[in-house]
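So the structure is just underneath, and the comments pick up after that.
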Amino acid sequence: MTLGIAFSGGGIIALLASSCTLNWLDQEFPGLFGKGSDVVLSTVSGGTLGQALVANAGDRLWFPRYNPHVSLADAKSTPSTPSRPDWFGKIALAMKPTAMLHDSPGGPEPIDLKQSEVQHGVAEKWRSSTAHLAEQYGIEQIRPGNNRWYANFMYAVKSRAPVMTNKYHWMNDPRGTIGMGFREMQSGAVYPPGAKVGPLDAMAWSSAFWAARPLLSYPSTAHMNRLMFEMEMRGEPQDDQYFFADGGMIDGTGITTVLRDQPTSVLAFYNSIGDYTKKSWGIKMLFGVDDHQVVSNILGGPKFTQIFPSHLADEVFANLTNPKILRARLDNVPVLRNDWLGIKPYILKTLLIFANGYSAEFVDSFADPSIKPSLSKNFPTGFTGGMAPLDANLFCMFQSWRADRYKDEIDDIVYGSVHTNSRRN
C-alpha cells in the first residue's frame, strides 16, 4: 500500500502552504516521511520549492501552529529557537511584494523578467536564483529526502517548437511535442529518458513559469510568436533535445504524475495563487471538463489531461470552492487510462483534495480583535511576491487549522495507505 501526496504550483502561496503542510503532517504522523515509509510525493513549481526546503532544512525551520489566543504582536513576529533557528517564511521577507508573477523562487534581488528575458543567460540566472533561495535556509546541496519524490516540469521537443495552440491556449494534440517531465529525486531517474536534468535543474525548471511564453504560438499571432521564439530560444532552459518550463503548463496539481505509481490513496493540496474560484480549469481539466468560459494554460486540454470521470467534476469543484468546506473527497475513484501522461487504469481508494481560500470562520476565530483588520487585503492567496510576517504566519496557521478540521479523514487515508506504527489513539 502506498500514499501519494501532491503539492501544486502557485508561487509564494504554494511554497509556504506546502512547507507548512509538510510540517503539520510530519508532526501529526511521526515516521510518515521516515526511511522506508510507503509515501510518494509529486510536486509542481512552488510546491517543488516548498518540498525542497522541508526535505533539506525542515529540522531547522520554525513553523507557527494555529493558536486562536495569539496576540497581534506575536503573530507579527518572526520567531526562532536555538534548535529551530530559521523562521519558515524568511523568503517572504526577501521577495518584493510584487516582484514576480506566479511561481518565483525569489531572492533579495528578484529577476526583472522584462529586462532579462531577451538575454541569453536568463535560464542560468533563474537557476542561480533558485540556488540562492536554498542558501538562505542554509542548504548547500539538494538532498532528495527519504521518500520517492517527483519534481515535475514541462518538456518540449526542440524540433517541434514553438508549440501551436488553439484559441483556448491548449494544443489539439500534444503527443510527440510536449509532455510532463520529472526527476525522481531519490533514484535520479529522469523522464523523458535521456533528458539532462540535475537536482537543482529540476527545482529551477519546475518553477520556470516565464520559460513557457516563448515556446507557445497562437493562431492570431503566429508570426510574432515565431520571431519572439527565435530571439529568446537561447535563453530558455534546455539540453540538446528539449526545452523545459514550469510543470504547471501540463498539470498544475501534481496529481497526474503520482498516479503513475498507482498509490492506494492520494492526498492533494491545490495551492493556487489568486482567486481559486476563477481558476476552475486547474481541477476540471483532470475530469475532462471542457470549460470554454476560461482560457487555460493546461496545454493538453481536457481531452489529453483527463484522468477521472467527468461526472464527478461538479461535486469536487463545488466543495473545493465553498469557503466553509475547501476540501473535496472521493472514494473508490476510477482512474482512467492516459497514455500521454503515462497513467494506467485502476481504482483509487480515496482522493482527498484541499484548497486555499478566504475563510471568515478562520479569520474571526482569533481572540485578539486587532488581528483581522491588520491582515493585508491580499490575504490569503492574493500575493504575487513577498508578504508581511503577519500574513505569512496566519497563512501557515490556516494550513494547520484546516488540516485539524479534517484530521479524521486524513487519519483514515494515512493509516489506510502507509505501514506505520505511529498511530495515535
So LEU16, is it modelled with pLDDT of 90 or more, buried (at least 20 other Cβ atoms within 10 Å of the Cβ) and out of contact with any Phe, Trp or Tyr (no Cβ under 7 Å at 6 or more places or on another chain): no
Surrounded by fewer than 19 Cβ atoms within 10 Å (Cβ to Cβ) and among the aromatic types (Phe, Trp, Tyr) - does that describe any residue in the range 316-323? no
List every residue pair whose Cβ atoms lie under 6 Å apart, where the two residues are 6 or more positions apart in sequence or sit on different chains, the first residue falls within the range 208-228 and is in contact (Cβ under 8 Å) with a residue 24 or more places away in the chain, and the second residue, located anywhere, is among the small types (Gly, Ala, Ser) and not in a helix (DSSP H, G or I). ALA208/ALA245; ALA211/ALA245; ALA212/ALA245; LEU215/ALA156; LEU215/ALA161; ASN225/SER217
Which numbered condition GLY194 fails, given (1) modelled with pLDDT under 95; (2) outside any helix (DSSP H, G or I): (1)
Members of the range 174-229 that are surrounded by 23 or more Cβ atoms within 10 Å (Cβ to Cβ), out of contact with any His (no Cβ under 9 Å at 6 or more places or on another chain) and of a type in the set (Ser, Thr, Tyr): SER206
Looking at (1) buried (at least 20 other Cβ atoms within 10 Å of the Cβ); (2) more than 30 Å from ALA156 (Cα to Cα), find the lone condition where LYS349 falls short. (1)
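The values are calculated or read from the model by the stated rules, or taken from the named source; none is laboratory data. All figures in this text were calculated on a predicted structure; none of them were measured in a lab. So basically every Cβ, Gly included, is an ideal-geometry build from the backbone, and we count neighbours across all protein chains shown.
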